[in-house]
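Worksheet: the structure to be examined is printed underneath.
The values are calculated or read from the model by the stated rules, or taken from the named source; none is laboratory data. The model shown is predicted, which means the values in this text are computed figures rather than measured ones. Heads up, the Cβs are rebuilt from the backbone with ideal geometry, glycines too, and the neighbour counts pull from every protein chain shown. Ligands, DNA and RNA are stripped out before the accessible areas are found, and what is left, the full protein with its side chains, is counted by its heavy atoms. Shrake-Rupley method; radii C 1.70, N 1.55, O 1.52, S 1.80 Å.
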Amino acid sequence: MSLTFHWFLPTNGDSRDVVGGGHGTPATSSGRDRPPTVAYLSQIARAAEDLGFVGALTPTGAWCEDAWLTTAMVSRHTERLKFLVAFRPGFVSPTLAAQMASTFQRQSGGRLLLNVVTGGESHEQRAYGDFLDKDDRYRRTGEFLRIVRELWRGGTVDLKGEHLRVEDARLARLPDPVPEVYFGGSSPLAGEVAAKYVDAYLTWGEPPAQVADKIAWIRGLAAKEDRTLRFGIRLHVITRDTSQAAWAEADRLLAGFDPETVRSVQAGLARSESEGQRRMLALHGGGSLSRSGHRPGEGASGGLEIHPNLWAGIGLVRGGAGTALVGSHEEVAALIKEYAALGIEEFVLSGYPHLEEAYWFGEGVLPRLAADGLWRHPFRTDAAHSAQVPFAS
């Protein structure tokens, strides 16, 4: 088995501090440290490509740049890296979305992946002219994916659904290859959509026991549809030569959190309708700004360290993915193996700042996984290079 790793393009800005935002909360001022220019994002993308990340996720929402336009421009500065473009079905017609994806595939050389985001915040959806409630948004997502998938197969679609209606819809040119669809969600309706329509189910970085429960849940639903899915996980990462150095970096990031910002962000996220966001908040419970929460020898009982080497501090100021793998390269690799043993095949990672942290992970962790036969560089054939461990902790 070869695990797949994706990186992240911070289209909300980057910094040596955590850039908050997401799920209806605005990006924090740290996002202005490194503006999300095409030049800077392309620098990150090229580094990710060279290090062996297969793709790069881009977020969606009012807090960041548009994912479709940004990745289309960045793709011109890369050769093989794929782009996991997040988009919300309620903001564009299914026929147009299918056509956009087909065009992206032709113009990029088949490097589009789609991350379908139903949208968990009604107030943000209404700003875009979408007034459906959360359950209806999921039902619409199901209709949307049903139409898009049929169009990609070359069919002509006539559908009068509960929320979407198309007549004589078809594509003049089909995508080659058909983009894979990624999707996440923790509510019952999200599970139904995933089981019927998506290729890969993504979960945020919960402790392994909770992730195992999610995988079992989705697998069961997919089996009823006579389908099998891949599973991925979305996490941040802080990996260093030693455990002490990694936790010192977590402490440094935590020290940069303004208490008023934490209170404001947590108040905003507490209003979220997203079940996944509720689960993220429950992991830290508002947290503490005293230190990272890591207590040597205490493991999961230590503050914000909710499982050995899994830290919930990012979620204090950022919506969505709020946990990070923290530790030495060996410790981070070990936790990745723990998730892989549950059935996680793809890891969507990020770290602050994204350029430097990509190198810490790519040069520190990936070679160790390669040495164990769990990873191969997707763009190179020299196995010796992939398995080389550049430095020991």
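Suppose the filter is surrounded by fewer than 18 Cβ atoms within 10 Å (Cβ to Cβ), out of contact with any strand residue (DSSP E or B) (no Cβ under 6 Å at 6 or more places or on another chain) and modelled with pLDDT of 95 or more; does GLU225 pass it? Yes, satisfied.
Going by the conditions given, is PHE53 open to solvent by less than 10 Å² (accessible area, probe 1.4 Å) and part of a loop (DSSP other than H, G, I, E, B)? The answer is yes for PHE53.
Scanning region 1-22 for residues that are over 30 Å from GLY373 (Cβ atoms) and out of contact with any Leu (no Cβ under 6 Å at 6 or more places or on another chain) returns PRO10, THR11, ASN12, GLY13, ASP14, SER15, ARG16, ASP17, VAL19, GLY20, GLY21, GLY22. The residue that is most open to solvent (accessible area, probe 1.4 Å), counting only those in region 56-75 that are farther than 15 Å from THR37 by Cβ and among the hydroxyl-bearing types (Ser, Thr, Tyr), is THR60. The set of residues in region 76-92 being open to solvent by 10 Å² or more (accessible area, probe 1.4 Å) and at pLDDT 95 or above consists of ARG76, HIS77, THR78, GLU79, ARG80, LYS82.
Just to be sure before I move on: is ALA47 assigned to a strand (DSSP E or B) and surrounded by fewer than 24 Cβ atoms within 10 Å (Cβ to Cβ) in the structure I sent? In short, no. Could you tell me which of the residues THR228, THR239 is in a loop (DSSP other than H, G, I, E, B) and over 24 Å from GLY119 (Cβ atoms)? So the residue among THR228, THR239 that is in a loop (DSSP other than H, G, I, E, B) and over 24 Å from GLY119 (Cβ atoms) is THR228.
So, of the residues in region 23-35 that are in contact with a helix residue (DSSP H, G or I) (Cβ under 9 Å, 6 or more places away or on another chain) and surrounded by 23 or more Cβ atoms within 10 Å (Cβ to Cβ), which turns out to be nearest to GLY319 (Cα to Cα)? Among those residues, the one meeting the criterion is HIS23. Consider region 238-266 and keep the residues that are at pLDDT below 95 and of a type in the set (Ser, Thr, Tyr). The one that is least open to solvent (accessible area, probe 1.4 Å) is THR261. Of all residue pairs spaced 6 or more apart or on separate chains, those with beta-carbon atoms under 8 Å, a first member in region 59-76 that is assigned to a helix (DSSP H, G or I) and a second member that is charged (D, E, K, R) and open to solvent by less than 80 Å² (accessible area, probe 1.4 Å) are SER75/ARG111.
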